[in-house]
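Peer 1: I am attaching a structure below and will ask some questions about it afterwards.
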Amino acid sequence: MGKVYVFDHPLIQHKLAYIRDVNTGTKEFRELVDEVASLMAFEITRDMPLEEVEIQTPVSKAKVKMLSGKKLGIVPILRAGIGMVDGIIKLIPAAKVGHVGLYRDPQTLKPVEYYVKMPSDLEERECIVVDPMLATGGSAIEAIHSIKKRGAVNIKFMCLIAAPEGVDALKEAHPDVDIYIAGLDEKLNDHGYIVPGLGDAGDRLFGTK
Ligand code: URA
């Protein structure tokens with residue numbers, strides 16, 4: 001079964017408090033999401049493999065450790081996932097970015113894929129699927145199905161805020177995927193919003209209503 005990690009780092013929690021606040025405007029919201037995405041990427045990459053290489057310092061030769069070249073893929077779920085991409089690739093500039101767009105069918109209420117563009121070598125990459133909110137889990141589950149169909153085998157899911165309902169659904173659908181969360185909230189309300197949550201992440205990031 002996939003593991004669930006809730007990041008309790010004080011900086012992440014402090015910034016998340018501002019992100020949640022209804023009085024935080026679009027500019028600040030976007031900057032904070034970017035910063036928290038960076039901090040989460042820092043934590044999530046803790047287990048990246050290193051290799052020893054020899055370099056020359058101004059003083060002597062030195063054996064140092066560098067990333068062993070493992071390839072990463074960042075997969076934002078459109079549209080709100082885009083708000084987390086820059087914060088991650090600031091730390092991992094060589095990562096490739098694939099996009100997946102989903103909408104909810106008004107009849108079935110199921111997520112339907114309308115756009116997918118992925119790096120060609122997904123099977124060789126560690127993929128981090130990102131979406132600020134894990135609510136019912138429907139979009140995350142579908143996005144992960146979509147990248148698995150295209151070859152991805154090593155997958156993590158990262159979000160700012162999750163509802164327990166979404167975490168359970170995602171764990172059940174994709175037991176091989178570890179889940180990384182900044183805030184695990186109480187529940188979903190009747191409109192599918194996470195409580196207390198932060199409202200609509202896409203609208204708050206892009207200043208729409
Ligand atoms: N999507 C959001 O943007 N907010 C929620 O609370 C739930 C889903």
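The values are calculated or read from the model by the stated rules, or taken from the named source; none is laboratory data. The structure presented is a predicted model; accordingly, all values stated were derived computationally and were not measured. So basically every Cβ, Gly included, is an ideal-geometry build from the backbone, and we count neighbours across all protein chains shown. Just so you know, the surface numbers come from the protein's heavy atoms only, side chains and all, with ligands and any DNA or RNA stripped out. Shrake-Rupley method; radii C 1.70, N 1.55, O 1.52, S 1.80 Å.
Peer 1: Only one of these conditions is not met by residue 184: (1) open to solvent by less than 60 Å² (accessible area, probe 1.4 Å); (2) closer than 24 Å to residue 38 by Cβ. Which number is it?
Peer 2: Of everything listed in (1) open to solvent by less than 60 Å² (accessible area, probe 1.4 Å); (2) closer than 24 Å to residue 38 by Cβ, residue 184 misses just condition (1).
Peer 1: A follow-up question, please. Checking the structure you have, find out if any residue of region 110-128 is part of a strand (DSSP E or B), within 16 Å of the ligand (Cβ to nearest atom) and aliphatic (A, V, I, L, M). Explain how you work it out, then say what you get.
Peer 2: Let us first name the residues in region 110-128 that are part of a strand (DSSP E or B), namely 111-117, 125-128.
Subsequent filtering for residues that are within 16 Å of the ligand (Cβ to nearest atom) retains 111.
Remaining after also requiring aliphatic (A, V, I, L, M): none.
No, there is no match, as no residue in region 110-128 is part of a strand (DSSP E or B), within 16 Å of the ligand (Cβ to nearest atom) and aliphatic (A, V, I, L, M).
Peer 1: Quick check: is even one residue across region 148-159 modelled with pLDDT under 95 and buried (at least 19 other Cβ atoms within 10 Å of the Cβ)?
Peer 2: No, there is no match, as no residue in region 148-159 is modelled with pLDDT under 95 and buried (at least 19 other Cβ atoms within 10 Å of the Cβ).
Peer 1: Look through 25, 73 and report the one residue that is in contact with a Cys (Cβ under 6 Å, 6 or more places away or on another chain) and more than 20 Å from residue 162 (Cβ to Cβ). Steps first, answer last, please.
Peer 2: Numbers: 25 fails: in contact with a Cys (Cβ under 6 Å, 6 or more places away or on another chain).
Of the residues listed, the single one that is in contact with a Cys (Cβ under 6 Å, 6 or more places away or on another chain) and more than 20 Å from residue 162 (Cβ to Cβ) is 73.
Peer 1: Same structure, new question: So residue 199 clears everything in (1) surrounded by fewer than 21 Cβ atoms within 10 Å (Cβ to Cβ); (2) under 17 Å from the mean Cα position of the chain (by Cα); (3) within 11 Å of the ligand (Cβ to nearest atom) except one condition, right? Which one?
Peer 2: Failed condition: (2).
Residue-wise test of (1) outside any loop (DSSP other than H, G, I, E, B); (2) within 14 Å of the ligand (Cβ to nearest atom).
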site: 139; (1), (2): yes, yes
site: 145; (1), (2): yes, no
site: 151; (1), (2): no, no
site: 155; (1), (2): yes, no
site: 160; (1), (2): yes, yes
site: 167; (1), (2): yes, yes
site: 175; (1), (2): no, no
site: 181; (1), (2): yes, yes
site: 191; (1), (2): no, yes
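Peer 1: Quick one: count up the residues across region 168-177 that are hydrophobic (A, V, I, L, M, F, W, C) and open to solvent by less than 10 Å² (accessible area, probe 1.4 Å). Let's see the steps before the verdict.
Peer 2: Within region 168-177, the subset hydrophobic (A, V, I, L, M, F, W, C) is 169-170, 173, 177.
Going one step further and asking which of them are open to solvent by less than 10 Å² (accessible area, probe 1.4 Å), we end up with 170, 177.
Number of matching residues: 2.
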